[in-house]
């Protein structure tokens, strides 16, 4: 069973993503910002981190750098509205993440997750959600 950490400032967004993932049978924890995400990552191993962007005190690049510099090698999915102009090949962090463009739905989230985990898209079917939300 894959364990996923969802990082998003907006409570409703964290819960919605977690509910979708729980419905597909994943174990899910949530963090409201980059600082709490790093604290959670010190206590538990995750198979994937989903970063919902615009994190107070951390931008996407900072969070990814901190995750990688602390020795974590799990896949990271970054949800973004668009690729900013300054994001070019000079930013190698783009090569280490799966990008998920907003707005996205259940199927796009599942596809990004399966891409990050290198699984075929059709490998999971929705299951009844199990409540296990931390944070």
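Just rank 42, 102, fewest to most, by other beta-carbon atoms within 10 angstrom.
42, 102
So how far apart, in nm, are the two label points at residue 107 and residue 66 if each is 7 Å from Cα heading toward Cβ?
In this crude label model, residue 107 to residue 66 measures out at 3.6 nm.
Read the figures in this text as sums done on the coordinates, not as results from a lab. Since this is a predicted model, take the numbers as computed values, not measurements. Please note: Cβ atoms are built from the backbone with ideal geometry, for glycine as well, and neighbour counts cover all protein chains shown.
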